[in-house]
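Notes follow the structure.
Read-outs throughout are calculated quantities, based only on the coordinates presented, and are distinct from any laboratory measurement. Not measured: the values here are computed from a predicted model. Backbone-built Cβ (ideal geometry, glycine too); neighbour counts: all protein chains shown.
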Amino acid sequence: MHAFQVLFFKELRSFFFSSTAYVVIALFTFLNGWLFVGMVRAMQTHASPGSLIHNLLGSGWFWMGYLVLFPLITMRLFAEERKMGTIEGLFTAPVRTSEVLLAKYAASIVAYAAILLPLFLFFPAFYLITGEAGAFHSGAVIGSAVGLFLVGVFHLSIGIFASSLTANALVAAMMTFAMVMLHYFLGFLQNFGIIPDSMWSEFINYFSTVRHMEFLTEGLIDSRPVFYYISFSVVLLACTHHVLESRKWRS
Amino acid sequence: MIQAKSLTKRYSGRTAVDRISFEVEKGEIVGFLGPNGAGKSTTLRMLTCFLSASDGTATVAGFDIARDSLKVRQVIGYMPENVPLYPEMRVREYLCFRARLKGMRYRESISAVAEAMDTCSLQGVERKMIGTLSKGYRQRVGLADALVHKPELLILDEPTNGLDPSQIRQARDLVKELGEKHTILISTHILNEVEMTCNRVIIINQGKIKASDSPSTLIRRLHRPGQVSLEAIADSGALGKLRTIPGVSEVTSSETDDGWTRFQLTSNAECDVREPVFALATECGWRVRQLEMRRPSLEDAFVDLLTNEQSETASAD
Ligand SMILES: Nc1ncnc2c1ncn2[C@@H]1O[C@H](COP(=O)(O)OP(=O)(O)OP(=O)(O)O)[C@@H](O)[C@H]1O
Ligand SMILES: [Mg+2]
């Protein structure tokens, strides 16, 4: 537990003391701000069935920026340690592999939360400025937060897994991006009409992030996506643990 | 302190470390020598639990490296080859992080870091970024890292690699000093350093132990013929007279630039011919400015051991 704390804070420091972190936060917030304004404008002229946050998170523009976050957050976690050789000092210190892994994972979740935080500040800010409480409702915001947390935790575990596979941060980033994109677009398959079979589309719906988010951003929290994202994250973390341990006997 | 029993490491087909067994007693300074690719780093990585052994076992301070790896790692202060460090961290920050990672509380770590920085002469750079340090300083940070949690055993993999001569000398003195408090296993290519600091050397080649003894015993076992050089202004029959000294088997002479003659005498391994040579010189009234015996060094023993090895394998093929 002690080692976990020490590593967790070290990772956080190295994230928040780097200028790239702030560039990423600024760019992502700017993108969201632009979308936010656009959505508000659109909703002024056209009646919309969904809430503001539902429309915002339903936008492809949001997802474009959002999916890029994961390779950026996770690519260096283990790849850099391997490249620099510092992994040798790390694992010859009296620490468990699981502590190292969980500390890095937890720190990446905090970093991720920090990047998303400004988006959730838009809503109270909007209310304070305009006095319009009706533009969003708390159920949708909470549901969206839960959804983004779940999807984020899952994507971060993909990223940390990819980072453990290679000594090259760029390769880790590309693998993460490819896997995250693939997963995201699989959820779209039935929209393209490629999958006629209804049983298959049921199956795809089960892991479609788009579908999950549709419900969550309306404030409908279902247990199936919760189970889905958490269990897959656990599986990926277990795989990462295995990869890290395998350095001992692999050649 | 360390007991290795037929420790083996195989990398996809090739055997890097082949059933080596050795012991290191508490308080010893042991040099771990061998040519490039001999398997030194691999052995040290197994002892520090970075790699697991393909076969065999070892215990460190009584703990098994496979079963009690956390306790083993707690006992060891390890400085890996090439001293990997985080370039974006500052020296004190890094050492504090390492001290705490190795189980120290914040308060303890402050004084431990101060002490380690003191030992390794790191005052003055404590707030510098590691990436901006010179190689010598980086090496010292690595050493400070290894000893910051006051481990009983220090394992240093080529700690003086790439240092300038004066830094090597400082490092040697430091290792000697550390040897009073710690058991040390040190891998290096600088043989006179080992000769001066280590109680014992283990020489490995191609994953097998070739010798394990004190440096002086290894040198004595060499059975090198003695080499004595004499610089003098002598008469013309000097060469013949020197040959008559008992024990001398061969004498050659050459002129130096400034008109003196240098005689090179080869003698039997056991006898020291310096005294009879000096007696002869005074008897004949030669002017002598140098009389010196060249002693074989550990380097000679090392090269001898490895070339014997090669000729043996060559003849076996
Ligand atoms: N990860 C690895 N995969 C495959 N072979 C390896 C690996 N690491 C080392 N080897 C091989 O094992 C042998 C021993 O390597 P090791 O690094 O232990 O040598 P060394 O004695 O430390 O050499 P040096 O003096 O150059 O540091 C070498 O032949 C090397 O090529
Ligand atoms: Mg080596």
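For segment B:2-220, the Cα-based Rg and Dmax, in that order, read 17.0, 51 Å.
The base-10 log of I(q)/I(0) for segment A:1-147, evaluated at q = 0.18 Å⁻¹, reads -1.04 [Debye formula, identical scatterers on Cα atoms, solvent excluded].
Note on segment B:180-317: Kirkwood radius taken over Cα pairs, Stokes-Einstein applied at 4 °C and 1.567 mPa s, translational D equal to 73 µm² s⁻¹. Each part gets one Cα centre, and for segment A:30-106 versus segment B:139-154 those centres are 38 Å apart. Starting from the Cα of B:SER12, step 7 Å toward the Cβ, then list every residue of segment B:53-78 with an amide N under 20 Å from that point. Under 20 Å, as judged by backbone N against the label point of B:SER12, lie B:53-55 of segment B:53-78.
Tell me which of A:SER231, B:LEU70, B:VAL83 sits at the most positive position along the dipole axis of the protein assembly as shown, charges placed on C-beta atoms (Lys, Arg +1; Asp, Glu -1). Positive-most Cα among the choices belongs to A:SER231. Which aspartates and glutamates, on any chain, are close to B:LYS208 with Cα under 15 Å apart, when same-chain ones fewer than 8 places away are left out? Within the straight-line limit of under 15 Å, B:LYS208 reaches these aspartates and glutamates: B:ASP18, B:GLU23, B:ASP55, B:GLU309, B:GLU312. Between B:THR261 and B:THR244, the simple label model (points 7 Å from Cα in the Cβ direction) yields a spacing of 1.5 nm. Rg and Dmax of the protein assembly as shown, both derived from C-alpha coordinates alone, stand at 34.0, 123 Å.
Note that segment B:86-93 has calculated 3J(HN,Hα) couplings of 8, x, 8, 9, 8, 4, 5, 4 Hz, one per residue in order, obtained from phi through the Karplus relation 6.51 cos²θ - 1.76 cosθ + 1.60 (θ = phi - 60°); glycine and proline are x.
Which of B:PRO215, A:LEU101, A:GLY143 sits closest to the plus end of the dipole of the protein assembly as shown, meaning its Cα is farthest towards the positive end, when Lys and Arg get +1 and Asp and Glu get -1 on the C-beta? Going by the charge dipole, the pick is A:GLY143.
Out of A:ALA169, A:ALA47, A:ALA125, any idea which swings most in a Gaussian network model of chain A, alpha carbons joined below 10 Å? Taking springs between Cα atoms under 10 Å, the residue moving most is A:ALA47. Annotation: extensible slack from B:SER216 through B:ALA114 equals 33.0 nm (criterion: 0.36 nm per residue apart, minus Cα-Cα distance). Taking θ as phi - 60° and the Karplus parameters 6.51, -1.76 and 1.60, the scalar couplings of segment B:31-40 work out to x, 10, 10, x, x, 4, x, 6, x, 5 Hz in sequence order, x denoting glycine and proline. Taking A:LEU116, A:LEU101, A:LEU90 in turn, the Gaussian network model of chain A (Cα-Cα springs below 10 Å) assigns the largest fluctuation to A:LEU90. With a cut-off of 12 Å between beta carbons, the residues surrounding B:HIS149 carry a summed charge of +2, where Lys and Arg count +1 and Asp and Glu -1. Of B:VAL175, B:VAL288, B:VAL91, the residue with the greatest mean-square motion in the GNM of chain B, using alpha carbon springs below 10 Å, is B:VAL288.
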